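Engineer: First, the structure itself, so that you have it in front of you.
What follows is calculated from the coordinates using simple rules that are stated; it is not laboratory data. As the structure is a prediction and not an experimental result, all values here were calculated from the model. Here Cβ is always computed from backbone atoms with ideal geometry, including for glycine, and neighbour counts include all displayed protein chains.
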Amino acid sequence: MEQIGVILLAGLTNGSVYGLVGLSISLIYGTNRVINFAQGEFVMLGVMSAILFMVTCALPLLPAIAAVLGVVLVAALALEFGVYQPLLRRGAPPLTIMIGTLAAAIIATGAALLVWGPLQLYVPNVLPLEAMRVGPLITNPQQIAIIVVFAALLALTWFLLYRTRFGLCIRATGVNARVALLMGIRSRRIVRFGFLFSALISGIVGLLVGPLLGGQVGMGVTLTVKGFMAAILGGLGSPFAAAAGGVLIALVEALVAGYGSSLYAEPIIFALILMILFFRPYGLLGDFEAGRH
Amino acid sequence: MNRIHALGTGIWQIPLLILLAGLVVPHLLSSGFHLRLASIVCIYTILCVGFNLLYGYAGQISMGQQGFFALGAYAYALLTQAGWPFYAALPASLLVCAGVTLVIGVPLLRLRSHYLAMASLCFGLIFAGVASRWIDVTGGTAGMMVPSLKVAGHLVSRTELYYGLVVIAVAVLLLQNFIVGTHLGRVLYSLRGDETAAESLGVNVTAYKLRVFVLSSVLAGLAGVGFALVSRQVNPSFGEFPILVTILTVSVVGGLGTRYGALLGAIVVVLAPQGLTAFGDLETLLYGVCLLLFLLFMPHGLSGFLRALCLRLFRPAAAKPAPRLKVSP
């Protein structure tokens, strides 16, 4: 009982991270049909700039958090104006733009390498890491904060998408950008919002997950791949399906690692995803997209 | 045929020139390191011709080509370890690649665009994961040694190996030109354009997708065997992310859906980092910036750029009957 509790809690924590990255990827995909290969780099930038502002510059907590989110938002704007817009103007298909975001990810890693170097760095924790008991479970405030933030951001995204006029515009753009434009929705702004909002989410993820993962400039790729797998497993069409996919992946990963061997956790996950895709080509919850083809 | 001749790019003329140039190269090189680079250019050409047929011509993206690259290399290494001679191990490892592709290709090719990309990426990741963890068979992260190539009792030197690679690369280019120049090429174009329309015109979409997928992964496996022979070892890095990035970069820099894009891209991508190492820490950053600049300003890669240049220079002379030049995207 003790063990399964710990395993599930660890899975849920990782799942929140994968789920939020998957949610970000799916949000951008929902507005412009582009998969952002640089999503994990936003998390990396969040982690690394937390080190910069909290340790190197020793800013107080709130200004430091604001500065971190500022860095991530600037990076999102750079991605939109430097990569997405120019490629779109030249009529590039979505898969080419995806390769463009891959180039952006390499650039972000390269730039971060210049600033922070290749070594693993200590990341300051916003919340204490001491063990505490919640009922039968042993956990720490950082872990709980990640899960709570995950739930809160999910709720916020749901509210935004389904309870506001703006959310209606986002969903309309997702269904058909051209028709939405003809209906007077400024789809460009929607796309920009998608980039900014998902970067913000990733920045918050970076702030929270840094102390658990440690800061290293190459950490982005792994997170991007896990986020993708989450989005693909759940279904790219809906942010919530993507988040659910992330939780599922992390839970399976934690269970395999806990009861089998952690060595084979990753290959087993990918094999499972591959098999699920054979039976549900648009993801577990991806009926919406299937209908559009 | 008229149109093809008008462009001066028949099926065999340019590959012949490439063959001659490739055979001259070793006489101009001074060190073994340069010879190694030239061999790697050939290997990347073979690998990326496969990717180009699959994505550039048929529009089916696979991000698992590095998996087949590593699969070919590992199959060859394991078979040679089991005592198989070269002429049996090479076809056998290609058959392994083809077999695996057939098995995973049938369900995989039901997927489209991003889903296909991610599912094939899954395959690549599984392969890299297993290769680095199944230590008893694959040697783990350290990999395995591949003995120097011996054909009929004769120990093949690095230069001879290079000649072999050049000949294979040119043969692969010829095969690609043949496919693209015949009705097969039209079928592949139609798959990229619109599968439903292709099907309504009588194209067996599933069969052709599977064929081109098998061909491209066999070429990836062939390149993998070549790389194993040149490096004299295999290790899990063969199947990891950087190789995928290299494939994408070669294809984008050279030009997707062009005949000699793979070769041009391979030359640039192999040689450019030699210049970039001078920049030290800036290397990764510059690599990314260059990739982005190519995407932005040469959407058809070097190949498209050169073609546009040739057309601008020579068009006035060839203006008489002016066959309409269809520049493939």
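Engineer: Say the dipole of the protein assembly as shown comes from +1 at the beta carbon of Lys and Arg and -1 at that of Asp and Glu; which of A:Ile185, B:Val225, A:Asn140 then lies farthest toward its positive end?
Structural biologist: The Cα lying farthest towards the positive end belongs to A:Ile185.
Engineer: Another question, if that's okay. Membrane-span-like helices in chain A: DSSP H runs reaching 18 Å or more (Cα, own axis), mean Kyte hydropathy at least -1.0?
Structural biologist: Working: long enough: A:2-32 (45 Å, 1.05); A:39-51 (19 Å, 1.27); A:61-79 (27 Å, 2.78); A:94-116 (32 Å, 1.94); A:141-162 (31 Å, 1.92); A:187-213 (38 Å, 1.48); A:219-234 (23 Å, 1.51); A:239-259 (30 Å, 1.73); A:265-279 (22 Å, 2.55).
Going by DSSP H runs, the hits are A:2-32, A:39-51, A:61-79, A:94-116, A:141-162, A:187-213, A:219-234, A:239-259, A:265-279.
Engineer: Taking chain A as a Gaussian network, where each spring joins two C-alpha atoms under 10 Å apart, which residue of A:Met48, A:Met98, A:Met132 fluctuates the most?
Structural biologist: A:Met132
Engineer: I need the Kirkwood Rh of chain B: take the reciprocal of the average 1/r across all distinct C-alpha pairs and report it in angstrom. Mind showing how you got there, number by number?
Structural biologist: Numbers: mean 1/r = 0.0485 Å⁻¹.
Every distinct Cα pair counted, the radius reaches 20.6 Å.
Engineer: Starting from the Cα of B:Trp84, step 7 Å toward the Cβ, then list every residue of the range B:144-168 with an amide N under 19 Å from that point.
Structural biologist: In the range B:144-168, the label zone of B:Trp84 (backbone N under 19 Å from the point 7 Å along Cα→Cβ) covers B:144-153.
Engineer: Can you tell me the orientation of helix B:158-181 relative to chain B, as the angle in degrees between its alpha-carbon axis and the longest Cα principal axis, to the nearest 10?
Structural biologist: Approximately 40 degrees, to the nearest ten.
Engineer: Most fluctuating residue of B:Ala82, B:Ala92, B:Ala128 in a GNM of chain B with Cα springs under 10 Å: which is it?
Structural biologist: B:Ala82
Engineer: When a/c is below 1.5 the answer is rounded, else prolate if a/b is larger than b/c, else oblate, so apply that to the range A:169-293 with a ≥ b ≥ c taken from the square roots of the Cα gyration tensor eigenvalues.
Structural biologist: On the way: a/c = 3.30, a/b = 1.46, b/c = 2.25.
Cα axes put the range A:169-293 in the oblate bin.
Engineer: Now for a different question. Show log10 I(q)/I(0) for the range A:93-188 at q = 0.10, 0.21, 0.23 Å⁻¹, two decimals, from a solvent-free Debye sum over equal Cα scatterers.
Structural biologist: -0.61, -1.02, -1.07
Engineer: Return one number: the angle in degrees, 0 to 90 and rounded to the nearest 10, between the long axis of the Cα atoms of helix B:301-314 and the longest principal axis of the Cα atoms of chain B.
Structural biologist: 30 degrees
Engineer: Let's see if you can work this out: charge +1 on each Lys and Arg Cβ, -1 on each Asp and Glu Cβ, no other charges. What is the dipole magnitude of the protein assembly as shown about its Cα centre, in debye to the nearest 20?
Structural biologist: Values: 34 positive and 16 negative charges, 455 e Å.
It comes to approximately 2180 debye.
Engineer: Considering the options A:Ala257, A:Val209, A:Ala243, tell which one lies farthest towards the positive end of the dipole of chain A, charges being +1 on Lys and Arg and -1 on Asp and Glu at the Cβ, about the Cα centre.
Structural biologist: Going by the charge dipole, the pick is A:Ala243.
Engineer: Compute the orientation-averaged projected area for the range A:2-292 from the convex hull of its Cα atoms and round it to one decimal in nm².
Structural biologist: Details: hull surface 63.6 nm².
Result: 15.9 nm².
Engineer: Kindly identify the range B:101-155 as rounded, prolate or oblate by the Cα gyration tensor criterion: order the square roots of the eigenvalues as a ≥ b ≥ c, call it rounded if a/c is under 1.5, otherwise compare a/b with b/c, prolate if a/b is larger, else oblate. Walk me through the intermediate numbers first.
Structural biologist: On the way: a/c = 3.66, a/b = 1.85, b/c = 1.98.
It is oblate, given that a/c is not under 1.5 and a/b is not larger than b/c.
Engineer: Now for a different question. Going from the alpha-carbon gyration tensor of the range A:1-134, what semi-axes, largest first and in whole Å, does one get by taking the root of 5 times each eigenvalue?
Structural biologist: Numbers: eigenvalues 189, 93, 32 Å².
So the three semi-axes of the range A:1-134 are 31, 22, 13 Å.
Engineer: Follow-up. Subtracting the Cα-Cα distance from 0.36 nm times the residue separation, let me have the gained length for B:Lys150 to B:Arg112 in nm, one decimal.
Structural biologist: Values: separation 38, 0.36 × 38 = 13.68 nm, distance 4.34 nm.
Gain on extension, B:Lys150 to B:Arg112, equals 9.3 nm.
Engineer: Additional query: Equivalent-ellipsoid semi-axes (√(5λ), Cα gyration tensor) for the range B:39-90, whole Å, largest first? Before the final figure, lay out the partial values.
Structural biologist: Numbers: eigenvalues 137, 29, 15 Å².
Semi-axes from the Cα gyration tensor: 26, 12, 9 Å.
Engineer: Report, as a whole number in µm² per second, the diffusion coefficient that Stokes-Einstein gives for the range A:45-86 at 4 °C and 1.567 mPa s using the Kirkwood radius over alpha carbon pairs.
Structural biologist: Numbers: Rh = 10.7 Å.
The Stokes-Einstein estimate is 121 µm²/s.
Engineer: Take the protein assembly as shown, drop everything but the C-alpha atoms, weight them equally and run the Debye formula without solvent; then report log10 I(q)/I(0) at 0.05, 0.11 Å⁻¹ to two decimals.
Structural biologist: Calculated log10 I(q)/I(0) at the listed q: -0.23, -1.13.
Engineer: Next question. At 0.36 nm per residue, and after removing the present C-alpha to C-alpha distance, how many nm does the segment from A:Thr96 to A:Leu263 gain when stretched out fully? Walk me through the intermediate numbers first.
Structural biologist: Numbers: separation 167, 0.36 × 167 = 60.12 nm, distance 3.45 nm.
Separation in residues times 0.36 nm, less the Cα-Cα distance, equals 56.7 nm.
Engineer: Related question: Starting from the Cα coordinates of the range B:199-287, work out the convex hull volume and express it per residue in Å³.
Structural biologist: Values: hull volume 12.4 nm³, N = 89.
In the range B:199-287, the Cα convex hull volume per residue is 139 Å³.
Engineer: Using only Cα atoms, tell me the angle between helix B:205-231 and the longest principal axis of chain B; keep it within 0 to 90° and round to the nearest 10.
Structural biologist: 50 degrees
Engineer: Which one, B:Gln65, B:Gln13, B:Gln233, has the greatest fluctuation when you compute a Gaussian network model over chain B with C-alpha springs under 10 angstrom?
Structural biologist: B:Gln13
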